[in-house]
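Please read the structure below before turning to the comments.
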Amino acid sequence: MTTPISTQLLIAGKLREGRGDVNIVTNPATEEAVAVVNDASELDLREALTAADAAWPAWSREVPSERARTLRQIADVLDDHREELAHILVEEVGKPIVEARGETEATSGFFRYTASLLETLTDEIRYTPNRNENMWVRRRPHGVVGAIIPWNYPSALTSRKIAPAIGAGNAIVLKPDSNTPLSSLAIARIIHDSGLLPDGLINVVSGRGSTIGAGIVESPITQMISMTGSTGAGKAILRAAARHVKPASLELGGNAPLIVMPDADLTLAVNEALKSRHANNGQVCICAERFFVHRRVYNDFVDLYSAAVDRLTVGDPHSEDTDLGPKVTRDELNKTLRLLDAAVQAGARLTTNPGDLVGEQFERGYWMRPAVLADVDDAMSVAVEEIFGPVSPISVFDSWAEVAARANDTSFGLSAYVFTKDLEQAFKASDDLSFGEVYVNRTGPEEINGFHTGFRESGIGGDDGPHGLDQFFRRQTTYVRYGHA
Ligand code: NAD
């Protein structure tokens, strides 16, 4: 990487060190320090919020097509830095370079897609019961949006918040996760250096959730919160936002079922399941987390899938041949290993190579070999909790009614996958599965123009597509009488 890693925060149009805690960002493959970030203090946060509050009114008066033009320019600038952003992802997340490059495509893509929506934006004029009178129902920005993101897609999620927030005419104060602040800080620097936006419109402040995150949610200046992260943190944020009657759009955890019907194309199902479970080392909200396979194809699926998992390459995330890098933190590694061990203790059958990873590179870092578990019971913690790691629990079913009920029996409701060649079954999947996203004969990632939203405890609202952009607006009705009644 040629450009030095950015560690400065973006506050009120200036790049500078924070005056809060010192945060050492660690490379999960080596446990070595990648960078030292001085987090925001409470005073830094107040300055960012105040600057954002001053910046949005003038920006919001730009016509949407003008804001769109700027967003397209930002996308081009981000594209010029794609390789730099990809390498930061390898360093701070441990994400394999090929996947990291894919993520940076989305980083600029969110700006371009939001621009396309702004270029075709419409509002409503409605009639009242009176002559010479009508009402304008218009989209208006909230003002200052507070945005909070997790560590698994720190580059794409930074854009997924900033692009629709400022596209809608708001300013934004964004907080990355403490494990992975560097992608957000690099994007902040790139946008700052481009000179395309007014000072204070975008602010990036790093810090802990309990201090800086909570401060963003509690501040009377933020008029809307957009958060991506775990269901536990989402609930805490929703409670805090409720105290101020502040809207909160929450993209939270998942526990996606992947269902293989007896008529499925088994090769397709195996390949898609492999991709879905192991993308970003299993650390994706929509990863296939629970596998249900019809009895008629159960043994074949388990054999084919287990063999495919054993062929995955675990290793240096800088290498283009690597499928799985390290887990992001020791805590995440230990959680996944705990769920795996508990399932084996409870009687699940390990069908992949259980050996240790051998070699000098595995002596430090948060490594594990991917594992497949057959004959899993729905009550096992590996089936109930979000694993967020490369462990695939598989169980058998006999009928659609049975599997739909078992798949729906979760407090999560983000995404579900079904493999079948039967069109009628595809409609049944959409009708019967109570999840915000249902995929038939494919897995994620979700498309930018869909609506990535969770049912139940997987969230409220979302950022993607036209419905996502709408979260960043509120509606105002203006009654206009223009003549004598
Ligand atoms: P996390 O909830 O621990 O942290 C996410 C962010 O919230 C961090 O920036 C953290 O500092 C902040 N935070 C935590 N508590 C807070 C509080 N009380 N007030 C304000 N901010 C607070 O999540 P994580 O473990 O970093 O991320 C993994 C989770 O994110 C998984 O559950 C995953 O499914 C979910 N996720 C969901 C989506 C989606 O689109 N639905 C996408 C990516 C990740």
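Quick check on my filter: what residues within the range 237-262 are within 11 Å of the ligand (Cβ to nearest atom) and over 22 Å from I286 (Cα atoms)?
Result: R239, A240, A241.
Looking at the range 219-236, which of its residues are open to solvent by less than 10 Å² (accessible area, probe 1.4 Å) and closer than 14 Å to F412 by Cα? Break it down stepwise before answering.
Taking the range 219-236 and keeping what is open to solvent by less than 10 Å² (accessible area, probe 1.4 Å), we get 222, 224-227, 234.
Once the filter is applied, which keeps residues that are open to solvent by less than 10 Å² (accessible area, probe 1.4 Å) and closer than 14 Å to F412 by Cα, the range 219-236 yields only G234.
Collect the residues in the range 196-216 that are closer than 15 Å to A165 by Cβ and within 9 Å of the ligand (Cβ to nearest atom), keeping them in residue-number order.
The one that is closer than 15 Å to A165 by Cβ and within 9 Å of the ligand (Cβ to nearest atom): I216.
Give me the pairs: first residue in the range 49-60 and in contact (Cβ under 8 Å) with a residue 24 or more places away in the chain, second residue among the aliphatic types (A, V, I, L, M) and open to solvent by 30 Å² or more (accessible area, probe 1.4 Å), beta-carbon distance under 6 Å, and six or more apart or on different chains, which are they?
What qualifies is L49/I221; A51/A12; D53/I221.
Report yes if E105 is of a type in the set (D, E, K, R), more than 16 Å from the ligand (Cβ to nearest atom), in a helix (DSSP H, G or I) and not assigned by TED's automatic domain parsing to the domain that holds V284, otherwise no. Outline the logic, then answer.
Working: of a type in the set (D, E, K, R): yes; more than 16 Å from the ligand (Cβ to nearest atom): yes; in a helix (DSSP H, G or I): yes; not assigned by TED's automatic domain parsing to the domain that holds V284: yes.
Against the criterion (of a type in the set (D, E, K, R), more than 16 Å from the ligand (Cβ to nearest atom), in a helix (DSSP H, G or I) and not assigned by TED's automatic domain parsing to the domain that holds V284), E105 qualifies.
For the range 294-323, name all the residues that are of a type in the set (D, E, K, R) and within 30 Å of the chain's Cα centre (by Cα).
Residues of the range 294-323 that are of a type in the set (D, E, K, R), as a first pass: 295-296, 300, 303, 310-311, 316, 320-321, 323.
If the condition is that a residue be of a type in the set (D, E, K, R) and within 30 Å of the chain's Cα centre (by Cα), then D310, R311, D316, E320, D321, D323 are the ones that fit.
Given the conditions (1) buried (at least 16 other Cβ atoms within 10 Å of the Cβ); (2) farther than 23 Å from N179 by Cβ, which single one is not true for A106?
Of the numbered conditions (1) buried (at least 16 other Cβ atoms within 10 Å of the Cβ); (2) farther than 23 Å from N179 by Cβ, the odd one out for A106 is (2).
Somewhere in the range 166-187, is a residue open to solvent by 10 Å² or more (accessible area, probe 1.4 Å), assigned to a helix (DSSP H, G or I) and in the same structural domain as G468 (by TED's automatic domain parsing)?
The answer is no; no qualifying residue exists.
Report every pair of residues separated by at least 6 positions or lying on different chains whose Cβ atoms are under 9 Å apart, first residue within the range 341-362 and over 22 Å from A307 (Cα atoms), second in a helix (DSSP H, G or I).
Sorted first by the residue in the range 341-362, then by its partner, the pairs are A342/S381; A342/V382; A346/S381; A346/V382.
Those residues that are within 20 Å of the chain's Cα centre (by Cα) and open to solvent by 40 Å² or more (accessible area, probe 1.4 Å), I need them from the range 237-275; list them, please.
L238, P247, K275
Quick one: which helices (runs of 4 or more DSSP H) sit completely within the range 371-438 and have at least 3 residues that are under 20 Å from G253 (Cα atoms) and either in contact with a Lys or Arg (Cβ under 6 Å, 6 or more places away or on another chain) or among the β-branched types (V, I, T) (or both)?
Working: elements: 381-384, 400-408, 423-432.
Per the criteria, 381-384.
Taking into account only those residues within the range 109-140 that are polar (S, T, N, Q) and surrounded by 13 or more Cβ atoms within 10 Å (Cβ to Cβ), which is farthest from F451 (Cα to Cα)? Full working, then the answer.
Applying the first criterion (polar (S, T, N, Q)) to the range 109-140 yields 114, 116, 120, 122, 128, 130, 132, 134.
Now narrow it down to the ones that are surrounded by 13 or more Cβ atoms within 10 Å (Cβ to Cβ): 114, 116, 134.
Values: T114: 13, S116: 16, N134: 32 Å.
In this case the residue turns out to be N134.
The values are calculated or read from the model by the stated rules, or taken from the named source; none is laboratory data. Given the structure is predicted, the values throughout are model-derived calculations rather than measurements. Note: ideal-geometry Cβ built from the backbone for every residue, glycine included; neighbour counts use all protein chains shown. For the accessible areas, the whole protein counts, side chains as well, though only heavy atoms, and no ligand, DNA or RNA atoms are used. Shrake-Rupley method; radii C 1.70, N 1.55, O 1.52, S 1.80 Å.
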